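J.: Right, I'll just put the structure down here and ask away after.
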2 protein chains.
Amino acid sequence: MEQHLQEAAAGDEAPAGVQERRRRVAVVGAGVIGAGWAAFFACKGLDVHVVDAHPGARARLDDALQRARRTLQALGGLAAEVREPVLGDDLGQAVSGADHIQEVLPEQLELKQRVYAQIEASAPDRCVIASSSSGIMPSALQAGMRHPERLVIAHPCNPPYLMPLVEICGGRETAGWAVEEAEAFYRGLGKRTVRLNREITGHLVNRLQAALWREAVYLAVNGYASVADVDRAVTEGLGARWAVCGPHEIFDLSGGELGMAGFLDKLGDAVEAWWASLGQPRLDAATRQALIDGMAQAAAGRGYPQRAQARDEGVMAQLLARPN
Amino acid sequence: MEQHLQEAAAGDEAPAGVQERRRRVAVVGAGVIGAGWAAFFACKGLDVHVVDAHPGARARLDDALQRARRTLQALGGLAAEVREPVLGDDLGQAVSGADHIQEVLPEQLELKQRVYAQIEASAPDRCVIASSSSGIMPSALQAGMRHPERLVIAHPCNPPYLMPLVEICGGRETAGWAVEEAEAFYRGLGKRTVRLNREITGHLVNRLQAALWREAVYLAVNGYASVADVDRAVTEGLGARWAVCGPHEIFDLSGGELGMAGFLDKLGDAVEAWWASLGQPRLDAATRQALIDGMAQAAAGRGYPQRAQARDEGVMAQLLARPN
């Protein structure tokens with residue numbers, strides 16, 4: 001990958017008429033996330049080869065490409081030439097000559113391992129294989145690979161063409177160069193990467209999300225506030241700040257010139273008391289039903305398409321408004 | 001309050017020259033939050049009487065008024081006529097004739113109760129007394145009051161002139177009319193209110209914030225990722241969505257047309273597994289030091305004023321970008 005980045009840089013200075021080779025990405029699996037990745041890579045000017053035998057894959061790809069194109073046109077960063085992803089069911093053909101392989105298969109360890117063996121039979125030896133898995137550890141994924149050192153997790157937020165974040169995590173056998181190449185690859189396409197130094201269930205995003213939702217469930221299901229009001233406590237207060245400052249910096253800044261030390265001196269004990277009193281709900285049948293009913297009430301008759309569109313437009317407006 | 005709202009409405013239709021009475025708010029305590037409230041009320045065209053004998057109060061008020069004016073000019077909603085808050089140390093004078101009383105004293109129960117007794121000696125009997133307390137329960141605050149039914153918690157996010165959210169919570173003796181008047185009052189000034197049906201330590205915002213930070217502390221202090229990368233997982237992914245959709249709706253929408261039920265069927269068990277694995281750090285000395293060091297590294301030499309300004313400008317840009 002480093003080599004290709006250098007080629008690209010050299011290409012900028014090459015005399016007109018010298019065509020640099022377009023970088024090539026293989027996307028293995030075209031579910032919602034896979035189609036989103038493929039559309040994103042295509043909109044960034046890469047040659048994208050998608051492997052998926054499912055009859056619905058073409059429609060998902062077309063739909064994702066249309067939305068990704070609109071999104072990147074609005075946000076900036078749409079490549080001058082966008083080629084439609086090539087869709088096929090020949091895995092060997094798709095990955096041979098690839099500069100980057102994005103695996104987006106269902107969350108089944110054995111399925112993924114079986115496909116990795118097929119990928120390694122055709123892909124260049126030093127090509128990074130990036131798994132989008134949110135639930136399986138990289139050390140488990142790479143067990144049994146011929147070149148386990150090139151396996152990394154690269155977990156996006158949904159949809160991958162809109163959200164800036166990609167979480168990068170290697171397993172026990174992952175090489176430093178693979179992590180660095182993956183970071184450079186996504187950053188080169190405008191993504192913001194974060195790196196896990198050690199693997200852990202749920203990486204960062206799903207753990208943080210689960211932690212917030214656990215208390216949100218507790219508060220709503222125990223009748224402290226409605227589902228709508230718990231959500232509003234986030235959108236009208238906390239979320240507006242979290243879009244700008246992370247949870248550590250929020251408290252650091254609330255310590256003023258004294259920073260985190262000042263915050264901990266003044267409020268550390270109060271925070272520990274809150275931690276001790278946080279809820280520990282289970283998702284039993286009654287809790288699930290309460291969440292379903294509470295959410296129906298919060299939606300107040302606004303259907304899925306309307307609310308999903310409001311979310312996407314809201315997030316886009318918010319990303320557009322950010323200083324860069 | 002209802003009566004005054006009706007007067008105001010009638011005033012709109014009154015012949016020119018008939019002066020409607022400006023509504024009057026007493027703000028008891030001019031620390032950072034008190035000064036912020038006072039500035040907000042003044043910028044909304046209310047007559048504000050602030051009680052604080054501290055020599056630094058005038059400077060804090062002036063500073064807050066300047067920032068509030070700039071903020072509301074940018075966001076929209078600055079009143080045509082903004083009168084400077086009147087600052088004094090005569091509590092009885094400030095609260096007599098008040099339409100709303102905002103108590104913003106230090107978090108000491110006995111101090112607050114003593115001042116409530118003084119307030120009640122001079123304030124109109126049906127005037128709502130709204131406490132900004134984040135840490136004391138309303139039932140404790142109202143114990144011993146002559147008119148406990150009018151005591152509500154109205155807890156803002158900081159700074160009160162910028163953040164839309166106000167949490168409203170009554171205690172055991174609070175009357176329905178007091179909660180409704182408080183809600184109508186803040187909403188009338190453009191705030192978004194959420195209502196707690198039962199009191200609980202930390203209300204909604206501090207509990208949700210503590211829940212997220214607990215996992216953020218666990219991940220950073222145990223070396224899974226740097227403080228900066230944990231924060232980035234929020235700002236570049238989760239926060240951008242939480243500014244638009246609350247935690248319940250995020251998962252509801254990720255269930256597609258099947259909504260919350262579909263999400264729970266597909267991922268409920270995975271979420272429970274994440275919950276079981278969430279960290280339970282303590283804020284012991286080593287943890288505090290790790291957070292202080294990690295935050296210093298994350299700040300990378302950018303000082304408090306620069307980062308606080310970036311936060312405020314970022315939040316403002318983001319609020320401006322919201323569809324309304």
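J.: Distances from B:E257 to the same position in the other copies: list them in nm, one decimal, shortest first, using label points 7 Å from Cα along Cα→Cβ.
T.: So the label point of B:E257 gives 6.1 nm to the other copies.
J.: About the Cα centre of chain B, how large is the charge dipole given +1 on each Lys and Arg Cβ and -1 on each Asp and Glu Cβ? Please answer in debye to the nearest 20.
T.: 580
J.: Taking B:E110 in one copy and the same position in all the others, each labelled 7 Å out along Cα→Cβ, what are the pairwise distances from the first, in nm, shortest first?
T.: Computed spacing set for this position: 6.9 nm.
J.: Could you go through region A:218-232 in sequence order and give the Karplus-derived ³J(HN,Hα) for each residue, using 6.51 cos²θ - 1.76 cosθ + 1.60 with θ = phi - 60°, rounded to whole Hz, and x for Gly and Pro?
T.: Working through the residues one at a time gives 4, 5, 6, 6, 8, x, 5, 7, 6, 3, 5, 6, 5, 4, 5 Hz.
J.: Looking only at the protein assembly as shown, where both bridge partners belong to it, what percent of the DSSP beta bridges are antiparallel (to the nearest 5)?
T.: Of the beta bridges lying entirely in the protein assembly as shown, close to 20 percent run antiparallel.
J.: Next question. Determine, for B:E107, B:E272, the number of other Cβ atoms within 10 Å of each Cβ, and report the residues in order from fewest to most.
T.: B:E107, B:E272
J.: Classify region B:2-196 from the C-alpha gyration tensor, please: rounded if a/c falls under 1.5, else prolate or oblate depending on whether a/b exceeds b/c.
T.: Rounded shape, in that the Cα axes give a/c under 1.5.
J.: Measure off 7 Å from each Cα along the Cα-to-Cβ vector at B:Q280 and B:V32, then give the distance between these two points in nanometres to one decimal.
T.: With each label placed 7 Å out from Cα toward Cβ, I get 3.2 nm.
J.: Oh, and also: Please compute, for peptide B:286-299, the average count of beta-carbon atoms on other protein chains lying within 10 Å of each residue's beta-carbon.
T.: Average per residue, whole number: 4.
J.: I would also like to ask the following. Return one number: the angle in degrees, 0 to 90 and rounded to the nearest 10, between the long axis of the Cα atoms of helix B:259-277 and the longest principal axis of the Cα atoms of chain B.
T.: 70
J.: Can you tell me the dipole magnitude for the protein assembly as shown around its Cα centre, using point charges on the Cβ only (Lys, Arg +1; Asp, Glu -1), in Debye to the nearest 20?
T.: In total the dipole reaches around 300 debye.
J.: Just how far, in whole angstrom, is region A:191-221 from region B:32-97 if you go by their alpha carbon centroids?
T.: Cα centroid to Cα centroid, the span is 40 Å.
J.: Label position 7 Å from Cα toward Cβ: report the copy-to-copy distances for A:R58 in nm, one decimal, ordered from shortest.
T.: Label-point distances to the other copies, shortest first: 7.9 nm.
J.: Note down the nm distance, to one decimal, between modelled labels 7 Å out along Cα→Cβ at A:K266 and at A:R114.
T.: Label at A:K266, label at A:R114, 5.9 nm between them.
J.: By how many degrees, between 0 and 90 and to the nearest 10, does the Cα long axis of helix A:2-13 differ from the longest principal axis of chain A?
T.: Approximately 70 degrees, to the nearest ten.
J.: Relative contact order for region A:206-320 using alpha-carbon pairs under 8 Å, separation at least 6, rounded to a whole percent?
T.: 33
J.: Select from region B:215-284 those trypsin sites (Lys or Arg not before Pro) which occupy a DSSP coil region and have at most 14 other Cβ atoms within 10 Å, ordered by residue number.
T.: Those that pass, being in a loop and sparsely packed, are B:R282.
J.: Could you tell me how many degrees, from 0 to 90 and to the nearest 10, lie between the Cα long axis of helix B:57-75 and the main elongation axis, the longest principal axis, of the Cα atoms of chain B?
T.: 70
J.: Now a separate question. Would you work out the charge dipole size for region A:206-320 about its Cα centre, treating the Cβ of every Lys and Arg as +1 and the Cβ of every Asp and Glu as -1, and quote it to the nearest 20 debye?
T.: With Lys and Arg at +1 and Asp and Glu at -1, about 480 debye.
J.: May I ask which residue of A:Q306, A:G237, A:S277 lies farthest towards the positive end of the charge dipole of region A:206-320, with charges of +1 (Lys, Arg) and -1 (Asp, Glu) on Cβ and the Cα centre as origin?
T.: Farthest towards the positive end: A:Q306.
J.: What average count of beta carbons from other chains do you get within 10 Å of the Cβ of residues in A:186-197?
T.: For peptide A:186-197, the averaged partner shielding equals 3.
J.: Taking 7 Å along the Cα-to-C-beta vector as the label spot, tell me the A:Y304-A:A79 distance in nanometres, rounded to one decimal.
T.: For A:Y304 paired with A:A79, the spin-label model returns 3.2 nm.
J.: Using +1 at the Cβ of each Lys and Arg and -1 at the Cβ of each Asp and Glu in region B:2-196, identify which of B:C157, B:A117, B:C169 lies farthest towards the dipole's positive end.
T.: Result: B:C157, furthest along the dipole toward the positive end.
J.: Please compute the contact order of region B:2-196 in relative form: average sequence separation of alpha-carbon pairs under 8 Å and at least six residues apart, divided by the residue count, as a percent.
T.: Relative contact order here is 18 percent.
Since every read-out is calculated from the coordinates, none of them should be taken as a lab result. Small disclaimer: the values here were computed from a predicted structure and weren't measured. All Cβ positions, glycine included, derive from the backbone under ideal geometry; neighbour counts span all protein chains shown.
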